[in-house]
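Novice: One structure coming up, written as structure tokens, with questions to follow.
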Amino acid sequence: MVCKKGHHYGLHRVIEPAGVLPQPAWKLDPTPEVYDNECLIRVECLNIDSASFAQLKKEAVNDPDRIARQIMSIVSERGKMHNPLTGSGGILIGTVAEVGSRFPSAGAQPGKKIATLVSLTLTPLTIEKIRQVHLDTGQIDVDGQAVLFASCPFAILPGDIPEKAVLSVLDVCGAPAQTARLVKPQHRVVVLGAGGKSGLLSLYQAWKTAGRQGQVIAIEENGEACEEILSLNIAHDVICLDATNSLAVYEAVDKATKGALADLTINCVNVPDTELSAILATREGGVVYFFSMAVSFAKAALGAEGAGKDVQMMIGNGYAPGHASLALESLRECGDLFQVIVRRYG
Ligand code: NAP
């Protein structure tokens, strides 16, 4: 069979508005027939981005059937799982069904199980059936089909970690990779939303580098998650606090660091209105890494200006070379972290 020639960045799949790339597009053509630079995936499970899932859950008042209907409606209207309110997506796992002639052959043979490492907001997707909505993890078991472009990274599922644990970790693997790049041994590091997936993985990277000479401070609202961080022994201070309360966060970090504040603050919260907390917790000239999808550029920019804080602010790029293997390696290195992730998501 001869496939049609596809555009490198997937422009051939964009229906509306014409000419834009698949991520910002409103609607994609998800027809499950491969172009020459695509791979077709039989989808088994979606990991909905946490900011998106928190919004869907709130709107559906925790009703899984309503969430399933919301997801079906978004995917059938947009040809992708792109939450119009949060702008975020997630990732998926599935089995390679078909590969176009120009799709890089590295491992993506039919029958291989893979996880996509690009957002569902640019992944053409059809869902035939939603089998189960997991309210506790944001994972959705589905029967569906998705298309991956040659330009999009993916990972072959490893055999030594349960698939759903891999899915949850790979969704956020940009955060620990950037943390590993940013933390220096003497740094004071604050992680907001430290008890979630990206928070724990970032804490672990911060602890590896700054655990001896520096200080690692975990801020998390969920009491059970705070207990888990304590048991993992990957933070000097674990503070159970609402990260939307900017003054309380500032005062807690000021006290814990004896007035020095953080050299680096990593924002991994899944709810809005935490921009100023991250900014106020950080020293003059320090760095704020906004991984959270619930962060608003305007609130961060204007909040820093209003507080007269000269901090560097970084957008949480979900991609960094080697990000997937670094995140999975963290689980192999730290058995206790592995246990927590597998217990929650595996
Ligand atoms: P997660 O596992 O849900 O973790 C978020 C954590 O924040 C949870 O422990 C949550 O507690 C806690 N939290 C919620 N409200 C809080 C508050 N007011 N104060 C303090 N802690 C609070 O989320 P994740 O999957 O790690 O994702 C974290 C963020 O990164 C989300 O916004 C997600 O959308 C975003 N993300 C970004 C990228 C990227 O490429 N930049 C990729 C994937 C995800 P509960 O469990 O009690 O709610």
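Novice: How many of the residues making up the stretch 283-312 are more than 15 Å from the chain's Cα centre (by Cα) and open to solvent by 80 Å² or more (accessible area, probe 1.4 Å)? Break it down stepwise before answering.
Specialist: Taking the stretch 283-312 and keeping what is more than 15 Å from the chain's Cα centre (by Cα), we get 283-288, 296-312.
The next check asks that each one be open to solvent by 80 Å² or more (accessible area, probe 1.4 Å); those that pass are 283-284, 297, 299, 302, 305, 310, 312.
Result for the stretch 283-312: 8.
Novice: Follow-up. Quick check on my filter: what residues within the stretch 166-211 are in contact with a helix residue (DSSP H, G or I) (Cβ under 6 Å, 6 or more places away or on another chain) and among the aromatic types (Phe, Trp, Tyr)?
Specialist: Tyr204
Novice: Given the criterion surrounded by 24 or more Cβ atoms within 10 Å (Cβ to Cβ), within 16 Å of the ligand (Cβ to nearest atom) and modelled with pLDDT of 95 or more, identify the matching residue among Ile41, Ile67, Ile91.
Specialist: Values: Ile41 fails: within 16 Å of the ligand (Cβ to nearest atom); Ile67 fails: surrounded by 24 or more Cβ atoms within 10 Å (Cβ to Cβ).
Step by step, each of Ile41, Ile67, Ile91 is checked, and only Ile91 is surrounded by 24 or more Cβ atoms within 10 Å (Cβ to Cβ), within 16 Å of the ligand (Cβ to nearest atom) and modelled with pLDDT of 95 or more.
Novice: Taking the stretch 45-64 as the search range and keeping residues that are in a helix (DSSP H, G or I) and of a type in the set (S, T, N, Q), which one is nearest to the ligand (Cβ to nearest atom)? Write out each step before concluding.
Specialist: So in the stretch 45-64, the residues in a helix (DSSP H, G or I) come out as 50-59, 64.
Filter once more, so that each one left must be of a type in the set (S, T, N, Q): 50, 52, 55.
Working: Ser50: 3, Ser52: 7, Gln55: 10 Å.
This residue is Ser50.
Novice: Now for a different question. Give Asp141, Asp136 a once-over and let me know the one that is within 21 Å of Lys197 (Cβ to Cβ) and open to solvent by 30 Å² or more (accessible area, probe 1.4 Å).
Specialist: Working: Asp141 fails: open to solvent by 30 Å² or more (accessible area, probe 1.4 Å).
Among Asp141, Asp136, only Asp136 is within 21 Å of Lys197 (Cβ to Cβ) and open to solvent by 30 Å² or more (accessible area, probe 1.4 Å).
Novice: In the stretch 163-188, which residue that is hydrophobic (A, V, I, L, M, F, W, C) and either near the ligand (Cβ under 8 Å from one of its atoms) or in contact with an Asp or Glu (Cβ under 7 Å, 6 or more places away or on another chain) (or both) is nearest to Gly286 (Cα to Cα)? Before you say what the answer is, go through the steps one by one.
Specialist: Step one: filter the stretch 163-188 for residues hydrophobic (A, V, I, L, M, F, W, C), giving 165-167, 169-170, 172-173, 175, 177, 180, 182-183.
With the extra rule that they be either near the ligand (Cβ under 8 Å from one of its atoms) or in contact with an Asp or Glu (Cβ under 7 Å, 6 or more places away or on another chain) (or both), the set shrinks to 172, 175.
Numbers: Val172: 23, Ala175: 18 Å.
Ranking the qualifying residues of the stretch 163-188, first place goes to Ala175.
Novice: Look at Ile91 and say whether it is within 30 Å of Pro272 (Cα to Cα) and part of a strand (DSSP E or B).
Specialist: On the way: within 30 Å of Pro272 (Cα to Cα): yes; part of a strand (DSSP E or B): yes.
Yes: the conditions hold for Ile91.
Novice: Considering Ile229, Ile217, Ile234, which residue is more than 14 Å from the ligand (Cβ to nearest atom) and open to solvent by less than 20 Å² (accessible area, probe 1.4 Å)?
Specialist: Every option except Ile234 fails the conditions.
Novice: For the stretch 225-247, does any single residue satisfy the condition of being at pLDDT 95 or above and within 29 Å of Arg131 (Cα to Cα)? Talk me through it step by step, then tell me what you get.
Specialist: Start the filter on the stretch 225-247 by keeping residues that are at pLDDT 95 or above, which leaves 225-247.
Subsequent filtering for residues that are within 29 Å of Arg131 (Cα to Cα) retains 225.
For the stretch 225-247, residues at pLDDT 95 or above and within 29 Å of Arg131 (Cα to Cα): present.
Novice: If we only count helices (runs of 4 or more DSSP H) wholly inside the stretch 296-346, which ones have 2 or more residues that are under 20 Å from Gly285 (Cβ atoms)?
Specialist: Numbers: elements: 297-307, 323-333, 335-345.
By residue number, 297-307.
The values are calculated or read from the model by the stated rules, or taken from the named source; none is laboratory data. The shown structure was predicted, so the numbers you read here are calculated from the model rather than taken from an experiment. Using ideal geometry, Cβ is built from the backbone for each residue, glycine included, and neighbour counts are taken over all protein chains shown. Heads up: the accessible areas ignore ligands, DNA and RNA and are worked out on the full protein's heavy atoms, side chains in. Shrake-Rupley method; radii C 1.70, N 1.55, O 1.52, S 1.80 Å.
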